[in-house]
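Visitor: The following block contains the structure, expressed as structure tokens.
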Amino acid sequence: KAEFKKCARDPLHFIDNYVSVRHPVKGQTLFKLYGYQRKLVKAYHTNKEVITLFPRQSGKSETSCAYLFWFSIFNEDKTVLITSNKHKNAREMISRIKYMYEHLPDFLKPGVTDDGWNALSLMFETGSRIISDATSESTGRGGSFSILYADETAFVRPAIQEEFWASISPT
């Protein structure tokens, strides 16, 4: 119970000790954050808005997935929207989070709702959910989101970006 509370309070403790990722050479391994990834998690945790510019293959997406996963399982009735430039990339983000969930120790695992496990979303018995979609002019329109994670935004055409931000800003 004390360890559960520590994980609920501290995303870095949770990620360092309980989140598994799929390493390209080692296979399943605990996610050991580099210093810059730890700073990213702290930025997400302490700021309302975070804009990043990272090089490719730096672990930004994996780090972001780990934080969004932590947020979703330790908070009730929250909705996280993940957008990416392509449906394939949005599905990949959900796939990474599912992998983290599958390898989580049972004492930390919230239940998943009957209809809450598909290619583009997850919903936990806590009422929190993670949904993903390709970035478009209407992505997120009419929704209410606790966190918006917009991935690969630089690869979205400027006209679509403008419409997307106009659509998502009120939510």
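Visitor: Using all C-alpha to C-alpha distances in region 1-76, build P(r) with 5 Å bins and read off the rounded percent in each one.
Guide: Histogram of Cα-Cα distances, whole percents per bin: 3, 15, 27, 26, 17, 9, 3, 1.
Visitor: On a 0 to 90 degree scale, rounded to 10, what angle separates helix 60-73 from the longest Cα axis of the chain?
Guide: 70 degrees
Visitor: What residue among Asn85, Pro110, Ser95 has its Cα farthest toward the positive end of the dipole of region 85-127, where the charges are +1 on Lys, Arg and -1 on Asp, Glu, each on the Cβ?
Guide: Asn85
Visitor: Whose amide H sits under 5 Å from the amide H of Tyr149, counting only residues 5 or more places off or on another chain, with H placed in the peptide plane?
Guide: Leu81, Ile82, Thr83
Visitor: On to the next question. Of the cross-linked pairs Lys39/Lys98; Lys42/Lys98; Lys48/Lys109; Lys5/Lys42; Lys1/Lys88; Lys32/Lys88, which ones have a Cα-Cα span greater than 29 Å in the structure shown?
Guide: The pairs that break the limit, which is 29 Å between Cα atoms, are Lys1/Lys88.
Visitor: Please give the charge dipole size of the chain, origin at the Cα centre, charges +1 on K and R Cβ atoms and -1 on D and E Cβ atoms. Round to the nearest 20 debye.
Guide: In debye, rounded to 20, the chain gives about 660.
Visitor: Please give the per residue accessible area of the chain, computed with a probe of 1.4 Å over protein heavy atoms only, in Å².
Guide: So the chain comes to 56 Å² accessible per residue, rounded to a whole number.
Visitor: Once phi is turned into θ = phi - 60°, what whole-Hz ³J(HN,Hα) does the Karplus curve with 6.51, -1.76 and 1.60 give for every residue of region 36-50, x standing for Gly and Pro?
Guide: My calculation for region 36-50 gives 5, 6, 4, 4, 5, 4, 4, 5, 4, 6, 10, 10, 6, 10, 9 Hz in order.
Visitor: Also: In the chain, what percent of the accessible surface is made up of carbon and sulfur (1.4 Å probe, ligands and nucleic acids excluded)?
Guide: 50 percent
Visitor: What 222 nm value per residue comes from the helices of the chain, counting each DSSP H run with n ≥ 4 as -39,500 (n - 2.57) and dividing by all residues, nearest 500 deg cm²/dmol?
Guide: Counting only the DSSP helices, I get -12500 deg cm²/dmol.
The values are calculated or read from the model by the stated rules, or taken from the named source; none is laboratory data. Treat the numbers as computed from the prediction; the structure is a model and nothing was measured. As a convention, Cβ positions derive from the backbone with ideal geometry for all residues, glycine included, and neighbour counts pool all protein chains shown. All accessible areas refer to the heavy atoms of the entire protein, side chains included, with ligands and DNA or RNA removed. Shrake-Rupley method; radii C 1.70, N 1.55, O 1.52, S 1.80 Å.
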